[in-house]
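Engineer: The structure under discussion is supplied below as structure tokens; questions concerning it will follow.
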Amino acid sequence: MVALESTLVAHGLPWPENLEVGLTAEETVRAAGAVPATVAVLCGEVTVGVVPAALERIARGGFDKANQSDLAAVVAMGGDAATTVSATAFVAARAGIALFATGGIGGVHRGEEGDVSSDLTTLAHEPIAVVSAGAKAILDLPLTLERLETLGVLVLGFGTSEFPAFYTSTSGLRLEHRVDSAGRAADVIRARRSLGDRSGVLIANPIPAEAALDPDLVERVIAEALEAAGRAGIRGKRLTPFLLAHLAKATASQSLAANRALVLNNCRLAAEIAVALAG
Ligand code: PSU
Ligand code: MN
């Protein structure tokens, strides 16, 4: 099985592309021989494997964004919420799912606010492998990588020795460990289990070259987006969705096409690793 998150659908991409990406992500996992399970909270029920009608409800908007610490409150209120990487990893690990595909994990934000995504702290405690195109480029990538190390999360480059930067394949940040096949990634996950290490693994899978954006364009629009967020007083949970929406506008949707390509690329790899792990 491969877990998929729902915040990317609810808050990371605009309607109706978000529904298309959510459904195609599931199909991509299936086509590679694994079973997708999109996670969300629906009317207070933690759901592992939402049906297409529910995915459409999530995509149409109005869902809260829940990280691990929000889950109990949403459940107790009988509410609806999309799950972030943090909440999805927490839920999926309890359902016995070993692989999870997303776009880019959250991390340490740029600036002095001290905003650090709970994606990092959850990954420190959950025995799940997350396939992502590095961490989102809107973040402070060197600090994010440092924090992952501190938390004991193994970062494994897939076909790369550099930490990918979401919209681009390189960041200039070296990775200690690299694998070049799904089978070798599965070997590392098995070794971690046999050592009794119950923290997460981040499999850093670069965006396909043909889908990557121009790094100068990315940096310029991120700087603009951060400035706009500062002016509008956007903080906390609203910051990541605000920055992603700003990027889509400022790049005439080039960022959306790149985001779609990297998500599907991660789904395929996560499914291949899940199949290798089951073999
Ligand atoms: N990756 C994407 N788009 C997204 C996200 C990740 O390609 O929208 C979401 C994930 O759900 C991630 C969340 O967990 O952003 C991080 O939010 P925050 O920085 O508020 O923790
Ligand atoms: Mn945050």
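Engineer: Could you grab the relative contact order for the range 82-211? Cα pairs under 8 Å, six or more apart, rounded to a whole percent.
Structural biologist: RCO, the range 82-211: 27 percent.
Engineer: Per residue, how much accessible area does the range 2-278 have with a 1.4 Å probe, in Å²?
Structural biologist: 42
Engineer: Given charges of +1 on the Cβ of Lys and Arg and -1 on the Cβ of Asp and Glu, with all other atoms neutral, how large is the dipole of the range 2-278 about its Cα centre, in debye to the nearest 20?
Structural biologist: The calculated dipole for the range 2-278 is roughly 360 debye.
Engineer: If you plug each phi of the range 241-254 into the Karplus form 6.51 cos²θ - 1.76 cosθ + 1.60 with θ = phi - 60°, what whole-Hz ³J(HN,Hα) values come out, in order, with x for Gly and Pro?
Structural biologist: x, 4, 5, 5, 5, 4, 4, 4, 5, 6, 10, 6, 6, 4
Engineer: Quote the FRET efficiency, to the nearest 0.05, computed for R178 versus E112 with a Förster distance R0 of 25 Å and r equal to the Cβ-Cβ distance.
Structural biologist: Once the sixth-power term is evaluated, E becomes 0.15.
Engineer: As an exercise, use a Förster radius of 45 Å and the Cβ-Cβ distance of E146 and A278 to find the FRET efficiency, rounded to the nearest 0.05.
Structural biologist: 0.85
Engineer: Take every Cα pair under 8 Å in the chain that's 6+ residues apart, average their separations, divide by the length, and report that relative contact order as a whole percent.
Structural biologist: Working: 590 pairs, mean separation 58.9, N = 279.
Contact order relative to length: 21 percent.
Engineer: Which residue, T47, T150, T170, has the most motion in a Gaussian network model of the chain that connects Cα atoms within less than 10 Å?
Structural biologist: T150
Engineer: What does the net charge come to around V50 if you take all other residues with beta carbon closer than 13 Å to its beta carbon, with K and R at +1 and D and E at -1? Intermediate values should be presented prior to the final figure.
Structural biologist: Working: positive: R57; negative: E5, E26, E45, E56, D80.
Computed value for this residue: -4.
Engineer: Place the peptides 158-167, 219-228 in order of packing, highest mean first, counting for every residue the other Cβ atoms within 10 Å and averaging per peptide.
Structural biologist: Top of the packing list down: 158-167, 219-228.
Engineer: Let me ask something else about it. In the chain, what percent of the accessible surface is made up of carbon and sulfur (1.4 Å probe, ligands and nucleic acids excluded)?
Structural biologist: Using a 1.4 Å probe with all protein chains present, the chain comes out at 53 percent carbon and sulfur.
Engineer: Could you tell me, in Å, what Rg and Dmax come out for the Cα atoms of the chain?
Structural biologist: Calculated on Cα positions, Rg and Dmax stand at 17.0, 52 Å.
Engineer: Could you tally the net charge around R178, taking each other residue with its Cβ under 15 Å from the Cβ of R178, Lys/Arg +1 and Asp/Glu -1?
Structural biologist: -2
The values are calculated or read from the model by the stated rules, or taken from the named source; none is laboratory data. The shown structure was predicted, so the numbers you read here are calculated from the model rather than taken from an experiment. Cβ: placed from backbone, ideal geometry, glycine included. Neighbour counts: every protein chain shown. Accessible surface is based on the protein model in full, side chains and every heavy atom, while ligands, DNA and RNA are left aside. Shrake-Rupley method; radii C 1.70, N 1.55, O 1.52, S 1.80 Å.
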